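Asks: Take this structure, written in structure tokens, and hold onto it; I'll ask about it next.
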Amino acid sequence: MAWRLARILLRWFGRPARKSPVQRLAFEALECRDTPTLGVSPWPDPQNLSLSFAPDGTTVVGEPSVLSAAFDQSSPERWQREILRAVQSWVVHAHLNVSLCADDGSPFGIAGRLQGDPRFGDIRLGALPMTGETLATAVRPGRTTPGTWAGDIIFNSAVNHAQQNLDLFTIALHEIGHALGLRDTTQPNSVMNFRYTRSFTAPTSADIAELQKLYGPRPNDPHEGRSGNNTLRTATRLDTTPREDFRPDLPMVVYGDITRRTDVDFYAIRPAPNHTGPMTFRVQTAGVSLLNPSLAILDSRGRILSRASTSTLGGGFVQLTLDEVNPQSVYYIRIQGATSDVFGMGRYSLAIIHGELPGSNGDNDDDNDDDDDDDDSSWTIERLVSVMTGPFESLPGRELQALIANPDHLIYDQDDDDDDDDGWGQITPLPTAHGYATNTHFVRLGSLSALSDTDVYQITAPSRFEGQIGVLTATIWGIDGQSVAPTIRLFNVDQQELPGTILANGDGSFTIQATQIQRGAVYYVQIGAEEAASLGNYELILDFSNRPADVVEFAAGSLTAAQTFVEYDLFVAKTQVFHVLLEARGNPVTVNLYDEQGNWTGRLVAGAGQVVSGSGWALKPGRYQVRIESTGLAEFRLYGMSIYDWIGPIAGNPATEPKYSDPSNPNQNIYPTPNGPVTSLTPFLWSLRLF
């Protein structure tokens, strides 16, 4: 069937429309237009990404998602497998891991963390009926992407893939590329070509090279060493001798990675002294990656004592128990992919337990131990799994065991001292995160136990940047569900604070960025808590790059006792999501957003001297009112960015149709402000109301 092709809408503001050559079907994936890639990678923690399928009825800008209804004709497992296969087809080539998780149906873009929200995946998939030739749309990630929109993908449910001879895998491969941070291209042989030209079975070498520019190639895990650990002779030795950093009464947890289809990881372990009872081995990939794992236990002569594998969609776990072990013998653990396809690669966590798994009451007494276990040694399978699936791969063994024994454990708190660790009394140098170029990416897990507690870290900038401007981006969030993230301050080697732009401060995360970073210079990062809701464990992520955030100022001004408020008209020409930050000085400032009918739509409140961000304003085309007010003398500034036209008009819904288009030039808009019409190429306009 020949397709008559309509022209493709603008790729960027003001770009003239183009017609496509004759082909089956043309489409445009309307990804984030002006949220740049920040730091070394667009996702702050790319080794711990997750994905979820939103249940039907989940709200997307006021419309119900119909993902299952759109694809169920080919059975749920089949279409979900095609999408997950597209995910793995990217992931296996880069320093990335994506796991499958449940989705509770919360609205898309709801307030929440950029990564690690327990309600749904970092990348969420939904579907809506959309007009035009769009097959699907995706929001590229970025630390200024508002709410939880980053990485989300919406398929066009009005498209009949079978009837129109379209390949779901190819469409998903393209959109997952956007969700990981890749842009469209005009290269005819690239899966990221902005038109659907043909089906693909995998990303091309050029596509992979672009992905590796963001994340780097997939590295061997730290246990490989120089000679690898793919044989019994080169197996990684695990020490079970009782000592300060290992307790046999608690599980030992190890993180590894099956980097290639032929990769095999071996570990050698001798049971703890005097332990002759059962020993359990568990490999977990559910919640870690999409790897289908295979586990085998061998004796010192290489004979298989027990083995198991799983090919569960989305990863799973395998578990083996030896009824009796000899503390004088060495046992070998072999881990590899259970399949030869892309699901045979990925990250895993390994737990070794001296005994059997505990019951629901956490009792894990070992009848072969001479000492009675006290309450301190009890643990549950739930605690173990939370550590195996958490972002804890950088922690030493004693910290992992402490988290398993006590979910309220404060990471590295034993190193803190209220007298010595506050301020600059103890500075901790940070090493480059595993798998990254030297001095480009740093990850630190830590904790704050009191409002007076501060942590200071030292990092060194790379010896060279690709461009002239060095950029340091720092992000922090709580990993215990804190509602407010700790704050970050950046300093140079002389302990002078760097001027920085706060890119996010809300929804449980905080991001700040400093420019004019010097090559090879030493910098300090200070972590503190301004309120009790910030206390607990945190994850700190630091990147050096050469690309600052493209922040736009929306509104700024002053308020007085005589003039306690100002109002703006906000004209929105195309559906978009605004990431808005409010800076207040002098007195607290409140911003309220109302739609054209006067219905309240959103609010931001900043205390004096604060910069705060909200969950994002997802706005359909139309006119809105923004009211900015204070109780006294105050200065305010509203800044941020918008995700332009991230989703096309929804079929049958006139509220999503573009407005204010110039009849003589569809590339620009005419906004009917009270002060007269304003012509602009941008898809929004803030206009101060004059009274």
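Please treat every number below as a calculation from the coordinates, not as lab data. Everything quoted here is computed from the prediction, not taken from an experiment. FYI the Cβ positions are ideal-geometry reconstructions off the backbone, even for glycines, and counts take in every protein chain you see.
Asks: Just want the ordering: W646, W686, from fewest to most Cβ atoms lying within 10 Å of their own Cβ.
Replies: Listed from fewest to most nearby Cβ atoms, that is W686, W646.
Asks: Longest exposed-loop-site-free stretch of the chain, with trypsin sites (Lys or Arg not before Pro), DSSP loop and at most 11 other Cβ within 10 Å?
Replies: No qualifying site falls inside 465-691, the longest such stretch.
Asks: Averaging sequence separations of C-alpha pairs under 8 Å and six or more residues apart, then dividing by the length of the chain, give the relative contact order as a whole percent.
Replies: Averaging sequence separation for qualifying contacts and normalising by length gives 13 percent for the chain.
Asks: Can I ask one more? Over region 414-545, what is the relative contact order in percent, taking alpha-carbon pairs closer than 8 angstrom and at least six residues apart?
Replies: With pairs under 8 Å counted, the relative contact order is 35 percent.
Asks: What's the angle, to the nearest 10 degrees (0 to 90), between helix 168-179's Cα axis and the longest principal axis of the chain?
Replies: Approximately 80 degrees, to the nearest 10.
Asks: Moving to a separate point now. Can you work out ³J(HN,Hα) from phi for every residue in region 54-63, in order, using Karplus 6.51 cos²θ - 1.76 cosθ + 1.60 and θ = phi - 60°, giving whole Hz and x for Gly and Pro?
Replies: After applying 6.51 cos²θ - 1.76 cosθ + 1.60, I find 5, x, 4, x, 4, 6, 10, 6, x, 10 Hz.
Asks: Using Cα-only point scatterers and the Debye equation, what is log10 of I(q)/I(0) for the chain at each q in 0.11 Å⁻¹, rounded to two decimals?
Replies: One equal scatterer on each Cα of the chain leads to -1.20.
Asks: How large is the translational diffusion coefficient of region 56-116 in µm² per second when you combine the Kirkwood radius over alpha carbon pairs with Stokes-Einstein at 25 °C and 0.890 mPa s?
Replies: Calculated translational D: 179 µm²/s.
Asks: Tell me the angle of helix 205-215 to the major Cα principal axis of the chain, expressed in degrees between 0 and 90 and rounded to the nearest ten.
Replies: Between helix and principal axis, roughly 80 degrees.
Asks: Based on Cα positions only, what radius of gyration and what Dmax would you give for region 225-290, in angstroms?
Replies: Radius of gyration, then largest Cα-Cα span, for region 225-290: 13.8, 38 Å.
Asks: What is region 46-215's relative contact order, in percent, from Cα pairs under 8 angstrom and six or more apart in sequence?
Replies: 24 percent
Asks: Which whole-Hz ³J(HN,Hα) couplings does region 666-671 yield from phi under the Karplus relation 6.51 cos²θ - 1.76 cosθ + 1.60, θ = phi - 60°, glycine and proline marked x?
Replies: Result, ordered by residue: x, 7, 9, 10, 10, 9 Hz.
Asks: Given the alpha-carbon gyration tensor of region 46-215, what are the semi-axes of its equivalent ellipsoid in whole angstrom, ordered largest first, with each equal to the square root of 5 times an eigenvalue?
Replies: 22, 20, 14
Asks: If one computes the Cα centroid of region 218-294 and of region 537-595, what distance in Å separates the two points?
Replies: Cα centroid of region 218-294 versus Cα centroid of region 537-595: 48 Å apart.
Asks: What is the order of L84, L582, L681, fewest Cβ neighbours within 10 Å to most?
Replies: So the residues, fewest neighbours to most, are L681, L84, L582.
Asks: Take the eigenvalues of the Cα gyration tensor for region 414-545, scale each by 5, and report the square roots as semi-axes in whole Å, largest first.
Replies: Three semi-axes, in Å: 24, 16, 14.
Asks: Along Cα→Cβ, 7 Å out, is where each label goes; now give me the distance between the ones at D662 and A562 in nm to one decimal.
Replies: Going from the D662 label point to the A562 one covers 4.0 nm.
Asks: Something else about it: Given the DSSP H assignment, sum -39500 (n - 2.57) over each helix run of at least 4 residues in the chain and divide by its residue total; what's the result at 222 nm in deg cm²/dmol, nearest 500?
Replies: Calculated from helices alone, the mean residue ellipticity at 222 nm is -2500 deg cm²/dmol.
Asks: Follow-up question, since we're still on this one. Report, to the nearest 10°, how far helix 76-91 tilts away from the longest principal axis of the Cα atoms in the chain, using its own Cα long axis and a range of 0 to 90°.
Replies: 90 degrees
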